[in-house]
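> This is the structure I want to talk about, given as structure tokens.
The values are calculated or read from the model by the stated rules, or taken from the named source; none is laboratory data. Quick caveat, the model's predicted, so the values are computed rather than measured. Reconstructed Cβ throughout: ideal geometry from the backbone, glycine too, with neighbour counts over all protein chains shown.
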Amino acid sequence: MPIKSYLAHPHQGKKQELVHALSSISSCEVIPAENNDLVIVVTETNNNTEDDILKEKIEAIESLKLLAMVSGFDTPKSN
């Protein structure tokens with residue numbers, strides 16, 4: 001199960017729009033920074049294919065200027 005965290009930088013004046021768009025995606029946990037024009041995003045998907053689709057969906061958001069992955073790991077499924 002891939003779990004990743006990102007810093008999402010919005011276009012100028014588009015932070016709230018970015019927060020709203022990211023919050024509408026069920027696999028995303030969104031935490032807006034209080035003192036910067038920055039959004040922290042944590043994603044959790046069931047497999048790498050879902051993770052790739054989710055990343056493409058995030059990168060397609062028009063208010064997003066830059067998406068930088070901070071951390072990522074994949075937990076193996078238990079039997």
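> Look through the stretch 1-45, keep the residues that are among the basic types (Lys, Arg) and not in a strand (DSSP E or B), and return whichever of them is farthest from the chain's Cα centre (by Cα).
Across the stretch 1-45, the extreme among qualifying residues is Lys14.
> Surrounded by fewer than 11 Cβ atoms within 10 Å (Cβ to Cβ) and either of a type in the set (S, T, N, Q) or at negative phi (or both): is that true of Thr45 in this structure?
The answer is no for Thr45.
> Does at least one position in the stretch 52-60 carry a residue that is part of a loop (DSSP other than H, G, I, E, B) and touching a strand residue (DSSP E or B) at 6+ places or on another chain (Cβ under 8 Å)?
Checked the stretch 52-60: no residue is part of a loop (DSSP other than H, G, I, E, B) and touching a strand residue (DSSP E or B) at 6+ places or on another chain (Cβ under 8 Å).
> Going through the stretch 40-49 one residue at a time, which ones are more than 14 Å from Ser24 (Cα to Cα) and either at pLDDT 95 or above or β-branched (Val, Ile, Thr) (or both)? Reasoning before the result, please.
Quick first cut of the stretch 40-49, residues more than 14 Å from Ser24 (Cα to Cα) only: 40, 44-49.
Passing the criteria: Ile40, Thr45, Thr49.
> Sticking with this one: Restricting attention to the stretch 54-65, report how many residues are over 9 Å from the mean Cα position of the chain (by Cα), hydrophobic (A, V, I, L, M, F, W, C) and surrounded by 12 or more Cβ atoms within 10 Å (Cβ to Cβ).
Total satisfying the criteria: 2.
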